[in-house]
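Each reported figure results from applying straightforward, stated rules to the coordinates on display, with no laboratory input. Quantities reported herein were computed from a predicted structural model and do not represent experimental measurements. Note: ideal-geometry Cβ built from the backbone for every residue, glycine included; neighbour counts use all protein chains shown.
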Amino acid sequence: MPARRAAVIGGNRIPFARANRRYARASNLDMLTATLDGLVARFGLSGERLGEVVAGAVLKHSRDFNLTREAVLGSRLSPATPAYDIQQACGTGLEATIAVANKIALGQVESGVAGGVDTASDAPIAVNEDLRKVLVALNSARSLGDRVKLVGKLRPGQIVPEIPRNAEPRTGLSMGEHAAVTAKEWGIGRTEQDELAAASHRNLAAAYERGFFDDLVTPYLGLTRDDNLRPDSSVETLAKLKPVFGRGDDATMTAGNSTPLTDGAALVLLGSDEWAAEHRLPVLAHVVDAETAAVDYVHGRDGLLTAPVFAVPRLLERVGMSLQDFDFYEIHEAFASTVLATLKAWEDPAFAKERLGLDAPLGAIDRSRLNVTGSSLAAGHPFAATGGRIVATLAKLLHEKGPGSRGLISICAAGGQGVVAILEGA
Amino acid sequence: MPPSKMPADTLRNWSNTGLARRLGAPRIPVLRRYSPGQPLLEGGPALVAAVGDGRFAKPIAALVAEHGATVVTETGDEKLAAVVLDLTEIATLSELAEAQRILTPAVRKLAPSGRLLLLGPVSGDGRHGDHRHSQGNAEAVAVAQALDGLVRSVAKELRAGATANMVVVDVDTTPAAVESTVRFLLSARSAYVDGQVVHVGAAEPAGVADPQRPLAGRVAVVTGAARGIGAAIADTLARDGATIVAVDVPAAGEGLAAVANRTGGTALQLDITASDAASRLLAFVEERFGRVDLVVHNAGITRDKLLANMDAERWDAVLAVNLGAQLTINEALLAAPDLLGPDARVVCVSSQTGIAGNRGQTNYAASKAGIIGMVRALAPRFAEHGATINAVAPGFIETEMTARMPLGTREAGRRVNSLRQGGLPVDVAETIGWLGQASSGAVNGQVVRVCGQSMLGA
């Protein structure tokens, strides 16, 4: 146990927008800066020097090598606030939170901001790889003859650009196709996926209605709520959608129970209790502990998005808690089937014994405590922004619940990784 | 300051060209407005005089001199930047005539954007039975009331951006009590306040440490702060030293964050009509600041419709935002006196429409007139806590909203006042800044119009 725990003071995000819609012309830097400024405004931090700002983006232009620092320089924070970028696919936001929280726990910084941003609209389209090689060689060529020779290597086909793909480099399968494999393996049905998706929309809409997001979201470019949200979404309407991932009659994953490509940004303000008190800022929750796991989805038996299945039992053992010890569970809804497969794995005695090395499974959770204010299926999922959204949301839920309440966060990520964390209400 | 989307006053600009002057077109003045570091008065000395034994002339002369202006006691050849006449002790027609003899040469010499300020006795309300102006003395009461007609008329006669206003006092009002009001009405901060009569009572207010930053250290909540007049209020109060809590509906959060950040303040996204809005607001200021010194009720909406076509939704929405929320928050403030700073101030934004009425705005006018009633009712209750509550009633103010008006309507709106132009959001903000000062504690329950002495509702 660290000497002190980092406090979650609050958060800010912009409403998430489906790709190529409201934020079609906004860059990662635009969105991250706006989100940072919204956070600064909420907590009166104009001109303040913070310990650090840590954030990242999954889809990133090469010019954005110093994305977070540039966002700080464009914001109202003191320019003396250092920043760095990290990237761990969909785990970026939560991993950034852990990084800042750990520095706070160690006393290396007193305050910090963590989170992430992503745009699927303003995608980093790169020069064709063949063309790039010729251009690089041309740049280092010393004689006119070499240059002429290289220019002769230019071909019309090289005009076709490199477009980022939503596929795993080592398998060539899209994330949805990977998830479909896992869904089939665990026998996840269509109806339960649609039920989870409908609940996500219902819960998110209800949370907006009760003003829950009044101090978590700042409108951006005229958008005031996540535009993927369909408050009237139901199992019946979702049942009409055709499967898009998996093959054959038993394919279950549709556009309705999978997250859409989304643009957005989310940040969390963290600090020591002392720093929060000095600045008369609230402490919503504390970061208790966190764990990151990875699985061999390339050659091994595990699904791409199943690493949290392994991360959670390791974390629970370290902190001496059971899966049932939580008031809230925030399991990132990359796909409805991912959440359901994760829960099913924790309930499975054989899996517990063979794969987790446990005598008994972690068991079932009270589903009424799961994603109570909606999650990625309704809000959308700008990859690196999801962690910040979830940390701030859960911290507020725990604060409402009261001191000592506990919440578990579980986020799966590309590359067979998973980041999980425990927060305790303050 | 944000980029201005305000419409240009083309006619005013043209009236100041050489061609317009040769044609003999009336000149629409460019008003002198406040900027930090500016002297209180410019353009000549100030004439400060009294008829009878007025107790205010000397302290005001000292105040003016302290601000670097020369003080004279008689009109000479020079232009006068200000004329201050203490008439608080006059009670007879001959004393009134004496005032005219002083004022007539003085107004001829009044400089552009000059200030005429009268101090008069509060007209007979029977509260001071032993005084010359009690109801038993009809001549004294008549003379006191006569000043009202005098100041309102001379305000209409003055040219080149000069204004005329009056402060009326009680028998026990001290010179210290009127200081912040005199300073405001003489300064360029009151550019668009004209033809107004302000009562300054007997409360003994706190002094001002730094007249350049009269709101230093004060926590100010401004509702409807995301844009327009609300944003100008936040900017102006912050310029004067206040710490801003900028409040607006969650949907306006983007503009709100910008206002909060450029004023170095804090943004609170809150629908003030929500059932728990008052408790959320108070909990917020308590947590972040431990107290509130100034609450500016500025948030307002319009849902225009002729009464014959008015639906309940339009009526209810306007009354809820413009009046209901203010009532609720004010009651909550009175129920939490520990949260009120030692010299707390509440300023409510009413409207000329609440005084004059306007076709198609029964709901809006009702709400804005209601504010005036509320302010008068709550003034004694806030006074119990050393606090005050006042209203400002803007006239035609140049905003994004007026920029969208048809040209004819806009031109008419701009010209029907003594200064022959629209006011700016900052004019409303400066007036609120004055009422928000700790040193303005003797001004309570007042409604101050910021309208360039509009003919509407006058």
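For the listed peptides B:97-109, A:216-228, a ranking on the average number of other beta carbons within 10 Å per residue, highest first, reads A:216-228, B:97-109.
What FRET efficiency, computed as 1/(1 + (r/R0)^6) with R0 = 41 Å and r the Cβ-Cβ distance, is obtained for B:ASN13 and B:HIS67, rounded to the nearest 0.05?
0.85
The stretch between A:GLU400 and A:ILE159 holds 81.2 nm of extra length on full extension. This uses 0.36 nm per residue minus the Cα-Cα distance. Taking the charge dipole of the protein assembly as shown about its Cα centre, with +1 at Lys and Arg Cβ atoms and -1 at Asp and Glu Cβ atoms, the residue from A:PRO124, B:VAL30, B:ALA99 reaching farthest to the positive side is B:VAL30.
Here A:LYS103, B:LYS79 are placed in order of increasing Cβ neighbour count within 10 Å, fewest first, which gives B:LYS79, A:LYS103.
Mean partner shielding of peptide B:271-277, defined as the number of other chain Cβ atoms within 10 Å of each residue Cβ, is 1. Take each residue in A:28-40, count the other chain C-beta atoms within 10 Å of its C-beta, and the mean is 2. Output the pairs from B:LYS79/B:LYS368; A:LYS240/A:LYS344; A:LYS60/A:LYS133; A:LYS103/A:LYS344; A:LYS242/A:LYS396; B:LYS109/B:LYS368 with a Cα-Cα distance over 29 Å in this structure; if there are none, say none. Over 29 Å Cα-Cα: B:LYS79/B:LYS368; A:LYS103/A:LYS344; A:LYS242/A:LYS396; B:LYS109/B:LYS368.
Taken about its Cα centre, the protein assembly as shown carries a charge dipole of about 3020 debye when Lys and Arg each add +1 at the Cβ and Asp and Glu each add -1 at the Cβ. In a DSSP loop and with at most 13 other Cβ atoms within 10 Å, there are no chymotrypsin sites (Phe, Trp or Tyr not before Pro) in region A:346-426. Over chain A, with a Gaussian network built from C-alpha contacts below 10 Å, which listed residue (A:GLY51, A:GLY264, A:GLY357) shows the highest mean-square fluctuation? Top of the fluctuation ranking is A:GLY357. Remark: B:ILE28, A:ILE159, A:ILE331 ranked as A:ILE159, B:ILE28, A:ILE331, counting other beta-carbon atoms within 10 Å and listing the fewest first. Give, as a single signed number, the net charge of other residues whose beta carbon lies under 12 Å from the beta carbon of B:LEU117, with Lys and Arg counted +1 and Asp and Glu -1. Charge balance in the 12 Å sphere: 0.
Starting from the Cα gyration tensor of chain A, take the square roots of the eigenvalues, sort them a ≥ b ≥ c, and report rounded, prolate or oblate (rounded when a/c is under 1.5, otherwise prolate if a/b is larger than b/c, else oblate).
It comes out oblate by the Cα gyration axes.
Counted by neighbouring Cβ atoms within 10 Å, the residues B:GLU179, B:GLU384 run from fewest to most as B:GLU384, B:GLU179. Under a Gaussian network description of chain A, with springs only between Cα atoms under 10 Å, the residue in A:ALA179, A:ALA96, A:ALA123 that fluctuates furthest is A:ALA123.
Highest-first packing order for the peptide set B:43-51, A:400-408, B:428-436, A:298-306 is B:428-436, B:43-51, A:298-306, A:400-408, based on the mean count of other beta carbon atoms within 10 Å.
Determine the shielding of peptide B:259-267 by partner chains: average, over its residues, the number of Cβ atoms on other chains within 10 angstrom of each Cβ.
Averaged over the peptide's residues, the number is 6.
Over the residues of chain B, the helix contribution to mean residue ellipticity at 222 nm works out to -11500 deg cm²/dmol, using -39500 (n - 2.57) for each DSSP H run of at least 4.
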